[in-house]
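Read the structure below first, then the notes.
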Amino acid sequence: MYKVINRFQEKNHDGHVYEVGDNYPADGKKLNKARAEALTEVHEEYGVAFLKAVEEPKKATSKQTPKEPSTDEKSDA
């Protein structure tokens, strides 16, 4: 995932304007990894980078283990 660090208009996303702090790509837009990597480098003409690579938040796994009956519990059997 990438975060926008400088405002820019993405020609590959129908002219979508990305503001500082936005996620890249915007919802519904396709990630072109080569394009994103190029935008993380300092642009020759503008002297700034437009994106910063960030780690994707890890999805919490909520594996619940089934509760086993305690040996102290009485059985109705």
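Taking amide H positions as modeled 1.01 Å from N, with prolines and chain starts lacking one, the residues under 5 Å from Ala49 and 5 or more places away or on another chain are His43.
Rounded to the nearest Hz, the phi-derived 3J(HN,Hα) couplings of region 44-59 under the Karplus curve 6.51 cos²θ - 1.76 cosθ + 1.60 (θ = phi - 60°) are 4, 7, 9, x, 9, 8, 10, 10, 10, 6, 10, 5, 6, x, 6, 6, where x marks glycine and proline.
Students sometimes get this wrong: rank Lys3, Lys52 by accessible area, probe 1.4 Å, all chains present, largest first.
Accessible-area ranking of Lys3, Lys52, largest first: Lys52, Lys3.
Seen from Lys29, the other residues with C-beta closer than 9 Å to its C-beta sum to a net charge of -2, counting Lys and Arg as +1 and Asp and Glu as -1. Measuring r between the beta carbons of Val54 and Gln9 and using R0 = 22 Å, the FRET efficiency lands at 0.55.
The values are calculated or read from the model by the stated rules, or taken from the named source; none is laboratory data. All figures in this text were calculated on a predicted structure; none of them were measured in a lab. Here Cβ is always computed from backbone atoms with ideal geometry, including for glycine, and neighbour counts include all displayed protein chains. Surface accessibility is based on the protein's heavy atoms, side chains included, excluding ligands, DNA and RNA. Shrake-Rupley method; radii C 1.70, N 1.55, O 1.52, S 1.80 Å.
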